[in-house]
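Just so it is clear, none of the values below were taken in a lab; they were calculated from the coordinates. Owing to the predicted nature of the structure, the values given are computational and were not obtained by experimental measurement. Ideal geometry is used to build each Cβ from the backbone, glycine not excepted, and the neighbour counts take in all protein chains shown.
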Amino acid sequence: MLRKRSISRQVLDVAYAVVFVLLMMPSTLDGPYGSAGFGVLVGFGVALAVRRRSPRLSLALAWVLAVVQMISGVLPLSADIAIFAILYCSAAYGDNVLRRLGLASAVAGGVIAALYLAFVDGNPFGPATEEGFQEPRLLQFAFLLVGLWAMLGLSWALGRLAYARRTAIESAHARELAEVHQARAEHEVAIEQERNRIARDMHDIVAHSLAVVIAQADGARYVRAVDPAAVDTALTTISDTAREALSDVRVLLGQLRHSQGDLPNPTPDDLERLFDQMRATGLTIDSSIDPTEVSLGAGTHLALYRIAQESLTNALRHGDPDRPVTVTIESDSAGIELTVRNSVLPGRSSPESSGHGVAGMKERASLAGGMCTASGDGSSWTVTAWLPAAGSSTKGID
C-alpha cells in the first residue's frame, strides 16, 4: 500500500538513496564480492528510496536482499546499515500489521544474522568446524544476538516513538479543529435561536395587533350609522394599537441589525392593560387573577404575557364573539398557572391548524422551564400553561 507523499519529499528520499549508494560504493566494490555486493547495495538503495512511501515494500525488499546476501556468502557490508532505517520507517509509517511485522523482523533477523555470523565462515551451508557448535561459537552467538537485538530493536523503538509523537500532534490538531468547529456551531445555534426568538416575538406582536385593528375597523364600520361616537373610539384604539406594534417591531428590527437589547419585559400590570385592550375590540373577558405574589424571572414574565396575548388573539379570531372568554391565573410558591378558555363556533378551524401560534406558545413555555397544552372538544378551546417561579424546579400540568 502506497502512502500519500508530496513529489518534493519523494524526490528528497530518492536523493538520499542515491547519496547512500554513492557513499557506500567504494567500500563495496573494493571488497571480494564484486557484482553480488554491488547488487545488494543497489537493492538497499531502492529500499531506502521507497521506505516512507511504501514501508511494506521496503521491508520485504530488505528481507529478500538479506536472504540473497546469505545464500551468496556475502559477509556483512557497510550497505547493511540501511536495514536500521528500513525498520525505523516500518514502525514510524506502517500500519498496525506492518509495525508488528517490523518488530518480528527485528527479533527474527537478529537471530538469523547472529547464527550466520557465528557459525558460517565462507561456506554458507557448512558448519563452522568439524566438531560442530563449540562453546566459544555459542558465546560469540550470544554476544552477537544481544548486540543485534539492541541495534535493531532500538531502530524499531525509535520509529514507534516517532509514530506516537506524530499521532499525538495529529490528535492535538484534530482536537483544536473540532473545538473551532464546535465553537462555530454553537455560535450558529445561538444566532438561530435568537432569530427564532425574534420571529416568535414578531409573530405575536403583528398577529395580535392586526387582529385588534381588524376587529375595531369592522366594528366601526357596522356602528357608524347608529353611533358615530363609537367610530372615534375605534379609531383611537386602532391608532394606539398600531403605534405600540410599530414601536415593538422597530425594536425587533434593531436587534436584527445591531444586536440591541430585548423588548421591555411585561409586568403584571401589563396583563390588565392587555385585557382592557382586547375588551375594546368587543371581546368579553372574565378574568380571575390570584392575588398571591410569586417571584417570576423576566423571561417567565414575558412567556406568561405572550401566551396570554396569543390565546386571546386566537379567541378573537376563531372563537364565538357572543360568549365570554375565561382567563384564570393561579399562583403558588412553585409557579404560576394560566388558563384561557373560549367557546368555538361550529365549523370554524382550530387555532392549532391555522398557523404557528400554538407551537410558539408551547415553545415559550418550554424555554421558561414550564409546560403548555392547547386542546379543544368541538365546542370550546382551552390553553393551559404552567410556568415555574424563580429558583423552583419544573413540573408537569395535571
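Computed across segment 69-122, the Kirkwood hydrodynamic radius from all distinct Cα-Cα pairs reaches 12.3 Å.
Cβ-Cβ distance of ALA142 and ARG175, R₀ of 35 Å, FRET efficiency by 1/(1 + (r/R0)^6): the value works out to about 0.15. 3J(HN,Hα) couplings calculated from phi for segment 167-180 with the Karplus curve 6.51 cos²θ - 1.76 cosθ + 1.60 (θ = phi - 60°) are, in sequence order, 5, 5, 5, 5, 5, 5, 5, 5, 5, 4, 5, 5, 5, 5 Hz; Gly and Pro show x. In order along segment 19-24, the phi-based Karplus estimate (6.51 cos²θ - 1.76 cosθ + 1.60, θ = phi - 60°) of 3J(HN,Hα) comes to 5, 4, 5, 5, 6, 7 Hz; Gly and Pro are listed as x.
In segment 288-342, the convex hull through the Cα atoms has an average projected area of 3.8 nm², a quarter of its surface area.
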